[in-house]
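> Before I ask anything, here is the structure I am working with.
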Amino acid sequence: MPEKQTNRGWFTQISFRIRTQPLAAIGVILLLGFILCAVFAPWLAPQDPAQLDLPGRLTSPSHAHWFGTDELGRDILSRSIYGARISMIVAVSVVTFSLMLGLVAGGLSGFYGGITDTILNVYVSNAFLALPGILIAIAFVAFLGPGLLNLILALSISGWVGYARLVRAQVMAVKEKEFVEAARALGASDLRILTRHILPNILQPLIVQAAIGMAGAVLAEATLSFLGLGIPAPAASWGAMLNDGRSHLFESPHLVFFPAMAVMLSVLSFNFIGDALRDFLDPRTRLSVGM
């Protein structure tokens, strides 16, 4: 009986969240759709995304090709599905690497302060902030050449500073708490204090920032691919599809419409989820809605 009541309580909370935050539910549904496309692309795609069909080039959406074909006769639906795989891989990888770099740099800067904080926060971070991140990524990829790994490294190098600043601020606030002082008095090492006592208490804003950062990574990948600095052909990428379709924008607008919608919906899904996580993890917001 208590188990049924617990399950009923969870269902009540979930239904309440869906009613009060419908955008979060939409974001989760969209994101699940993109994840399914990324994981099961070979089974969901009706055709090979690199298969050429020159007699059938620039075909409008039809029963045979739901999203039409591009200038080389390739099926746009198949390429859009495979493009979700690249976008999801880039989003997860970039946020993971950026967050790891930010945790190390921000944690050391905020925990030790002094000369460490001056070097990492004042000199290194400001040096990366002096130029827009997309310009750093463009220069990095242009130097090493296009490719998935180079693209991920470029976006990670240009995106870690925001996480480092956030971690530094959170660590500086938490390290003065009583439980940290108690752990230090008991002889805990700096590494144990950082990993066992400080890190679990700063995860909430990092989770929200990571969700929003994935939206930025998807948009950055599409931008670099649009400029020809992303995944080399014939791999399907939403940004490359936009670049291929811009010369046929007026006679075949479907070449641009479907990849643009894919980019827009994926970015919206991450932003909706990030906003929902921020409201859910903020105790003041939970109290205001009666949860």
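Bear in mind that the values in this text are calculations on the coordinates, not laboratory data. These figures come from a predicted structure and were not determined experimentally. Virtual Cβ from ideal backbone geometry, glycine too; neighbours counted across all protein chains shown.
> Ranked highest first by the average count of other Cβ atoms within 10 Å around their residues, in what order do 140-152, 234-246 fall?
Taking the mean over residues of other Cβ atoms within 10 Å, the ranking is 234-246, 140-152.
> Could you sort 103-116, 265-278 so that the peptide with the highest average Cβ count within 10 Å comes first and the rest follow in order?
Top to bottom by mean Cβ count within 10 Å: 265-278, 103-116.
> When Rg is the radius of gyration of the Cα atoms in the range 27-165 and Rh is its Kirkwood radius, what does Rg/Rh come to?
Here Rg/Rh amounts to 1.16.
> Select from Trp66, Trp43, Trp160 the residue whose mean-square fluctuation is largest in a Gaussian network model of the chain (Cα-Cα springs shorter than 10 Å).
Trp43
> Work out Dmax and Rg for the range 85-144 from the C-alpha atoms and quote the Rg first, both in angstrom.
Gyration radius and largest Cα-Cα distance of the range 85-144: 14.1, 44 Å.
> Give the range of the longest stretch in the chain that excludes all GluC sites (Glu not before Pro) found in loop regions by DSSP and having at most 14 other beta-carbon atoms within 10 Å.
Longest site-free region, per DSSP loop and neighbour criteria: 72-175.
> So what's the net charge close to Glu251: Lys and Arg +1, Asp and Glu -1, counting the other residues with Cβ under 15 Å from its Cβ?
-1
> Calculated from DSSP H runs of 4 or more alone, at -39500 (n - 2.57) each and per residue, what is the 222 nm mean residue ellipticity of the chain, nearest 500?
The helix contribution divided over the chain gives -22500 deg cm²/dmol.
> Given 10 °C and 1.306 mPa s, compute D for the chain with the Stokes-Einstein relation, Rh being the Kirkwood radius over Cα pairs; round to the nearest whole µm²/s.
Taking Rh from Cα pairs, D becomes 74 µm²/s.
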